[in-house]
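Here's the structure we're looking at; comments come further down.
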Amino acid sequence: MKTKSRLGPAKLWLVLMAVLFLLTGATSGWAASASDFTLKAVQDGKEYSLSQFKGKVVLVNFFTFFCGPCREEMPHLSQMHQELKGQGFQVLGIGLSSTTDQLKQIVTQLNLAYPVLEGNDAVSKAYGGVELVPLTFIIDKQGNIAHKVLGARSKADFEKLIKPLL
């Protein structure tokens with residue numbers, strides 16, 4: 001006699017919450033090496049590579065021009081960049097699905113002090129296929145992904161993840 005296995009509403013809810021937590025929470029303890037990239041900054045046309053910052057803690061923030069939560073957290077990222085750069089910290093913003101002019105507009109409007117880079121499909125794929133933004137990776141001094149953060153966070157939330165790595 002065969003029995004059908006069914007998830008009741010409570011079990012289904014628990015499974016969905018566990019999956020959601022794994023997908024959206026700040027994850028840590030990864031040993032995955034961050035993918036290198038070389039992208040052009042909209043501010044000055046200079047090319048930046050992730051590998052040039054080895055030995056520093058790097059926050060890589062993926063965003064789009066039309067993302068409201070992205071715009072809300074970017075001034076905080078800029079403040080942290082200014083406050084912690086002397087301690088070996090670097091912020092890199094990577095704009096996806098945005099024109100160069102749109103990215104320049106964000107830099108000007110928000111007075112961003114860190115390089116904002118023109119992203120592409122290759123860098124998006126290298127970081128797991130960025131589909132939702134803001135998506136932030138915090139990379140340790142050895143070039144490994146220490147934290148992956150989906151969604152906007154406060155300055156204090158980011159500092160809790162970054163400061164122990166400095």
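Any read-out appearing in this document is the output of simple, stated calculations on the displayed coordinates, not a laboratory observation. None of these values were measured; they are calculated from a predicted model. Cβ placement follows ideal geometry from the backbone for every residue including glycine, while neighbour counts extend to all protein chains displayed.
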Before anything else, pin down the relative contact order of region 80-166: Cα pairs under 8 Å, at least 6 apart, normalised by residue count, whole percent. 24
Expressed in nanometres to one decimal, the distance between label points 7 Å along Cα→Cβ at Glu47 and Lys85 is 2.2
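Between Gln102 and Ser35, 0.36 nm times their residue separation minus their Cα-Cα distance comes to what?
Working: separation 67, 0.36 × 67 = 24.12 nm, distance 2.56 nm.
Gain on extension, Gln102 to Ser35, equals 21.6 nm.
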Given the Cα-Cα distance of Ala126 and Asn144 and 0.36 nm per residue of separation, how much length would full extension add, in nm? 5.1 nm
Taking 22 Å as the cut-off for C-alpha to C-alpha distance, list the pairs among Lys40/Lys163; Lys56/Lys155; Lys125/Lys160 that go past it. Lys40/Lys163; Lys125/Lys160
